[in-house]
1. Hey, could you grab the Kirkwood Rh for the range 127-168? Inverse mean 1/r over distinct alpha carbon pairs, Å, one decimal.
2. So what's the range 26-76 giving for Cα Rg divided by 2.2 N^0.38 Å, two decimals?
3. If Lys and Arg each add +1 and Asp and Glu each add -1, what is the summed charge of the other residues whose beta carbon sits under 13 Å from the beta carbon of Thr136?
4. Could you state the accessible area per residue of the chain in Å², with a 1.4 Å probe and every protein chain left in place?
5. Need the full-extension length gain, Ile167 to Leu17, defined as separation in residues times 0.36 nm minus the C-alpha distance. One decimal, nm.
6. For Ser137 and Leu81 in one chain, what is 0.36 nm times their gap in residues minus the Cα-Cα distance, to one decimal in nm?
7. With only alpha-carbon pairs counted, each pair once and no self-pairs, how large is the Kirkwood hydrodynamic radius of the chain in angstroms?
8. So, in nm, how far is label Thr150 from label Asp107 when the simple model puts each one 7 Å beyond its Cα toward the Cβ?
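The values are calculated or read from the model by the stated rules, or taken from the named source; none is laboratory data. Remember, it's a predicted structure, so these values are computed and weren't measured experimentally. Cβ atoms come from the backbone with ideal geometry, glycine included; neighbour counts cover every protein chain shown. Only protein heavy atoms, including side chains, enter the accessible area calculation; ligands, DNA and RNA are left aside. Shrake-Rupley method; radii C 1.70, N 1.55, O 1.52, S 1.80 Å.
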Amino acid sequence: LRDDSVSGLRAHVQPKLEREFKSRGVYLTPKAAFDYTAYNLTDQAPGSSSTPSRSAPILSVDSGAAFERFYGKRKQHLVTLEPRAQYTYVPYRDQNGLPVFDTILPDFNLVQLFRQNRFVGYDRLGDTNQMSLGITSRVLNRNTGRELLTATIGQVRFFETARVTLID
């Protein structure tokens, strides 16, 4: 749902701290971010704020591994197995007073599996308490590095029901 009756300016920042720990094909990346979006609006309904804002922390831990094995008659193919798990927590913030200029809820796909915000755009920050799990396997040509095949399967487990929506 787009808010065509309201116009104005939007500012968005998301500073973050993250640290990647890597060792022999295994990684762990804890991250803390602070999401802040503010508006300076015109043509607001009477009684509505012309300068609404939203802020919330985003906490996550991403982890994974990469296992490799050569395969084929002359071991010309490299086959990988790459499990990944990511926990994400974003607390609920009431965003009903904020306009929706360009934010959408995309179809679920591989990119969405490990995104920290289920919305695309800055007008909504989805509350979540979730664990994303996935596993990818690739087949690469050992000599050229060209990827011949890739397959991923995954699932998101939600520990709480999401409350933020695009529609008020």
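1. It works out to 13.4 Å.
2. In units of the globular-protein estimate, the range 26-76 measures up at 2.46.
3. Values: positive: Arg84, Arg138; negative: Glu68, Glu82, Glu147.
Overall, the nearby charge balance is -1.
4. Result: 65 Å² of accessible area for each residue.
5. So the extension gain works out to 50.8 nm.
6. That works out to 19.7 nm of additional length.
7. Kirkwood radius, the chain: 18.6 Å.
8. The modelled label-to-label distance comes out at 1.8 nm.
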